[in-house]
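Following: one structure in structure tokens, then a few remarks.
Nothing in this text is a laboratory measurement; each read-out follows from the coordinates by a stated rule. Note that the coordinates shown come from a computational prediction; the quantities given were computed from them, not determined experimentally. Because the Cβ atoms are built from the backbone with ideal geometry, glycine has one as well, and the counts that use them run over all protein chains shown.
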Amino acid sequence: MTLLTLEHVARTFGANTAHPVHALRDVSFTVDAGEFVAIMGESGAGKSTLLNLLATLDQATAGQLRLQNQDLAQLSAEQAAKFRRDHLGFVFQSFNLLDSLTNRDNIFLPLVLKRTPLATMQARLAPLAEQLGLQELLDRYPQEISGGQKQRVAIARALITQPALLLADEPTGALDSNTSQQILAIFNQVNAQGQTILMVTHSAVAASYAQRVLFVKDGRIYHELFRKEQSSAAMQSQINNAMLTLSKGGVANDD
Amino acid sequence: MMIKLLASLWQAHRRIYWPAWLATVVLVALNYLLFALASDPSLRHFGFSSLTNALLQIGIVFIVAITLGFLGYADNFLAKAQSRAFGLYRMLGMTHWQLGGLMSLDRFSFLATAGLVGVCTGTIFTRLAGQVLLRLIDGTAIHLAFWSARGTAATAVVLALGLVGLIVVNLWRLQQVSPQALFTTGQLEKAPAAKTPWLSGSLGLLCLGLAYWQAISVKPSMAALVQFMGATLLVVIGTYLVFMAGSILILRQLQKWPRCYYESPRGMIAISGLLTRMRANGAGLATICLLCSAVMVLLFGSLSLYVGRSRIQRLWNPAAIQVVTPLKQRAQVHQTVVQLADQQGVAVRRVADYSITVPQYGKITGAKFSTQLGGAASNTATLILISRQTYQRLTHHPVPLAANQALVYSPGQAVPSRLKVGEATYHLHRLAHFKWGIDPTHSIFPPIYLVVNQLPVQLPQLRVQAFDYQRTLPTTKKLAFEQSVMAALPMADNSYLSMRQTIKTFLNGLTGGTIFVGFLISLAMLVTTAIVIYFKQLTEGMADRHRFVTMQAVGLTPLETAAAIRTQVLAVFLLPVGGALLNLAVAFPGIHKILKLFSMYDGWLELKIAVGVAVLLLVIYLSVYAFTTRLYQRVVASGQPTDGDVVR
Ligand SMILES: Nc1ncnc2c1ncn2[C@@H]1O[C@H](COP(=O)(O)OP(=O)(O)OP(=O)(O)O)[C@@H](O)[C@H]1O
Ligand SMILES: [Mg+2]
């Protein structure tokens, strides 16, 4: 079942200025429910711009984005915020936990915004905390735990709303390789339970955890790789090759 | 090069520099103004000028303290903002000395320019202020110098003191600045302390409760002032403790209540935000609360006295001169007054001549008046008896009175309808007015006059003689005449003098001076309060911007954001002003009783003044709030860090 559809999406910054920036030129792809998709590309390729569009934090200048049959362009700012908290979960590179809230309250925050009864919130937290190993950390504040732990709290915050789509922007960018692998393993785990994930990353290792990798360059999708039954080492080398070709400016060929 | 760096500092932190600079200008102008007035020779030679001068001195002490305190506060704030830039300069290779020089030059140019502009501003307003002061104290015309060298010098000394203090503190601070500041700033805030401060919180509440109880239960006696001072001290301590610890206590409790925390987005945002910064901000909020309280109490007290002074005068002096002496000195008093009047060309006329009983101090318990020594702490009234004939002669009103009946005139307190005095018990009929119901001793216990058929024989009597003279006499002439009477009369035991012009000049000097100085201090406090609020909004906006961005990412809508900001800011700002209003309300009965020392008995008038003062402050406060909230919303909403290096 198709969850997300992008058709000829473009995003231009400063359209009316002397030097408009075409961050996205023409992007089309679809994501099925239950997929784990990674998006790769060089710095400035437009990855974050794409993610912001999907996150309803920004509006496309052309083309169409549909998530669960909702046209994202139709949403007002108010509706977008509500759509976000009902259908989307976020994991950021810099965690973005609130220092004024305990970890538990940070996880509860999106549900509080939806005015969920406390009992429901607690019922949802219990299995998540167990799966992510957070039981001991809940009553501490984000400033009192490590980066990897913060990211696990942030994942719990993203998952507690049971979102249709989990968006992650460089989720392992601020973590060491060991911790990164823990986080990615968690992603695989929740994906196996049916969670759709869209992740932006620089790292071939991170991308190799995904089922499919999209390569972005100059605001376009240049290439697509499927993991299928490959080992993760084989996938990594394929990704590295693709990145290499991409940076040389050539158009990579699927076969 | 230095100048360029300096200019870039001012530019980068313009949101701190300019408001602080403007406030400093106002404070400097106030300093100059008070110093100039206090040192002006023409303000030294009129009746009770020493009283006015003493009030101006008190004003100077306050204004200087406020000025230095403000400089310290603003500097602290500025230093935090600059620490990032200074860290960068260090990293780029500036030595400590160069950095110290840059900082000193910065502070010097700040104070020097503000001092210059402030003294100029002060010069413009000093003559105006002098005229206003003159009006208020009803003094003779004075000729103020256009520019006061002494005022300027004194102001310069204050600023120099401030500058030296700031430089010393900042040199010490610079020792701590290391390039690391670059990496550490912008980090997350410290986690709110896990421990709930039960002890200090309840101690604060206890202090406030005790102070409020003292203020409410205060009795009109000499001890009242002392008690009031004690209460004030307790309020100061209690306010700080309550704001710093008590609020954490309350917020913690609120957190446990799902309806206003987990099930209310606004509640959660506001409570967690407040909790995070209550530690740091409690002191700031307490300061705002106390400043507001002080402004209101000061204005309320001096305005009440000022508005009430004509009543005080009517009560104290129905005639120009009243002399109360034992009966045997009656002829001598009359002769002396007439003689002196003749010598000085004053047309004096005796307008009343009657007997009263010796004033008795005591208290009323139930329906019984019991006499006590004048110094007794439980005294509440001064009882004076006059005969029915005297009353009829003075008022030209025939009053039939049975033996057990009496008329009562009591401007300062309610009296029961039956009263036992000594052996006799009287049924009382209240009198609304009695022109000669004077308080000869000017004691702090309000007078109660009883008009009875027969004065009790065992009570000694005094003779009251009242004189008037032409009202058209110049004030100096009046004062001179009254002074000579005062010097010539034999004032033995049980003799009392009350002179209208002398008292009027004294009261005008006191109330006018107090109101003048009170207004100036209030102005200084308001300026400082406004800046404290402004700086708080600025820092908190910076700290909150990041938070709101995150919350919007996880689904806080723009409307909810605006509402959450309003709730949070309103909570922060209503706390101190609410506390200040509470303080005023509690101080009211205490001040009301202290004003009784000045024979101010009109509680209704005082209430109106108190409400007026409260409304005035509220209006000013809310406009500061509205302005700074707009600023806060702008800071929170703006994506790019404008004053981004204001880190807490
Ligand atoms: N708000 C904006 N205004 C103008 N230009 C922008 C804005 N945001 C992004 N851009 C430009 O759009 C292009 C794509 O930016 P984007 O942040 O999407 O890159 P990215 O792929 O996420 O890079 P990185 O890997 O470094 O995060 C860049 O050239 C950037 O300068
Ligand atoms: Mg990016």
(1) within 16 Å of ligand 2 (Cβ to nearest atom); (2) outside any strand (DSSP E or B); (3) touching a helix residue (DSSP H, G or I) at 6+ places or on another chain (Cβ under 8 Å) all hold for A:Leu51 apart from (3)
Which one of these does A:Ala81 not meet: (1) away from ligand 2 (no atom under 16 Å from the Cβ); (2) of a type in the set (A, V, I, L, M); (3) part of a loop (DSSP other than H, G, I, E, B)?
(3)
Filter the range A:93-104 down to residues that are surrounded by fewer than 23 Cβ atoms within 10 Å (Cβ to Cβ) and within 8 Å of chain B (Cβ to nearest Cβ) and give me whichever is nearest to A:Gln151 (Cα to Cα).
A:Asn96
Restricting to the range B:15-38, name every residue that is without any contact (Cβ under 8 Å) to a residue 40 or more places away in the chain and either over 24 Å from B:Phe146 (Cα atoms) or of a type in the set (Val, Ile, Thr) (or both).
B:Trp18
Scanning the range A:26-44 for residues that are over 16 Å from the mean Cα position of the chain (by Cα) and within 11 Å of ligand 1 (Cβ to nearest atom), which turns out surrounded by the fewest Cβ atoms within 10 Å (Cβ to Cβ)?
A:Ser43
Kindly indicate which of A:Thr30, A:Thr49, A:Thr12 is of a type in the set (Ser, Thr, Tyr) and farther than 30 Å from A:Gln193 by Cα.
A:Thr12
Please give the number of the condition B:Ser272 fails out of (1) buried (at least 23 other Cβ atoms within 10 Å of the Cβ); (2) within 34 Å of the chain's Cα centre (by Cα).
(2)
For the range B:552-575, name all the residues that are in contact (Cβ under 8 Å) with a residue 24 or more places away in the chain and assigned to a loop (DSSP other than H, G, I, E, B).
B:Leu556
If you scan the range A:165-182, which residues turn out to be away from ligand 1 (no atom under 16 Å from the Cβ) and more than 12 Å from the chain's Cα centre (by Cα)?
A:Leu175, A:Asp176, A:Ser177, A:Asn178, A:Thr179, A:Ser180, A:Gln181, A:Gln182
What residue, among those in the range A:183-230 that are surrounded by fewer than 18 Cβ atoms within 10 Å (Cβ to Cβ) and of a type in the set (Gly, Ala, Ser), is nearest to ligand 1 (Cβ to nearest atom)?
A:Ala185
Tell me the residue from A:Thr161, A:Thr116 that is within 14 Å of chain B (Cβ to nearest Cβ), in a loop (DSSP other than H, G, I, E, B), touching a residue at least 24 places away in the same chain (Cβ under 8 Å) and β-branched (Val, Ile, Thr), please.
A:Thr161
Take the residues in the range B:431-458 that are among the hydroxyl-bearing types (Ser, Thr, Tyr) and part of a loop (DSSP other than H, G, I, E, B), then tell me which one is nearest to the chain's Cα centre (by Cα).
B:Ser443
Only one of (1) facing chain B (nearest Cβ under 8 Å); (2) in contact with a strand residue (DSSP E or B) (Cβ under 7 Å, 6 or more places away or on another chain) does not apply to A:Leu65, and that is (1)
Applying the selection to the range B:408-425, what residues are surrounded by 19 or more Cβ atoms within 10 Å (Cβ to Cβ) and within 14 Å of B:Gly366 (Cβ to Cβ)?
B:Leu419, B:Val421
Would you please list the contacts, defined by Cβ atoms under 7 Å and residues six or more apart or on different chains, that run from a residue in the range A:31-49 that is in contact (Cβ under 8 Å) with a residue 12 or more places away in the chain to a residue that is within 11 Å of ligand 2 (Cβ to nearest atom) and of a type in the set (Ser, Thr, Tyr)?
A:Ala38/A:Thr201; A:Met40/A:Thr201
Restricted to the range A:59-82 and to residues being closer than 23 Å to A:Leu111 by Cα and in contact (Cβ under 8 Å) with a residue 40 or more places away in the chain, the residue farthest from ligand 1 (Cβ to nearest atom) is A:Gln68
Might you check whether a residue that is touching a Lys or Arg at 6+ places or on another chain (Cβ under 6 Å), touching a residue at least 12 places away in the same chain (Cβ under 8 Å) and within 16 Å of ligand 1 (Cβ to nearest atom) occurs anywhere in the range A:83-93?
no
Just to be sure, is B:Ala114 closer than 22 Å to B:Thr628 by Cα and in contact with a helix residue (DSSP H, G or I) (Cβ under 6 Å, 6 or more places away or on another chain)?
no
Evaluate the range B:547-563: report whether one residue or more is away from chain A (no Cβ under 14 Å) and of a type in the set (Lys, Arg).
no
Which residue is farthest from ligand 2 (Cβ to nearest atom), if the candidates are limited to the range A:1-25 and must be part of a loop (DSSP other than H, G, I, E, B) and over 17 Å from A:Gly63 (Cβ atoms)?
A:Met1
Can you pull out the residues in the range A:26-48 that are in a strand (DSSP E or B) and touching a His at 6+ places or on another chain (Cβ under 9 Å)?
A:Asp26, A:Val27, A:Ser28, A:Met40, A:Gly41
I need the full set of residues from the range B:595-608 which are part of a helix (DSSP H, G or I) and surrounded by fewer than 20 Cβ atoms within 10 Å (Cβ to Cβ), in order please.
B:Gly603, B:Trp604, B:Leu605, B:Leu607, B:Lys608
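Listed here are the residues, each with its yes/no results for (1) in contact with a Leu (Cβ under 7 Å, 6 or more places away or on another chain); (2) of a type in the set (A, V, I, L, M); (3) not in a strand (DSSP E or B).
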residue	(1), (2), (3)
A:Ala210	no, yes, yes
A:Ile221	yes, yes, no
A:Glu224	yes, no, no
A:Gln238	yes, no, yes
A:Ala242	yes, yes, yes
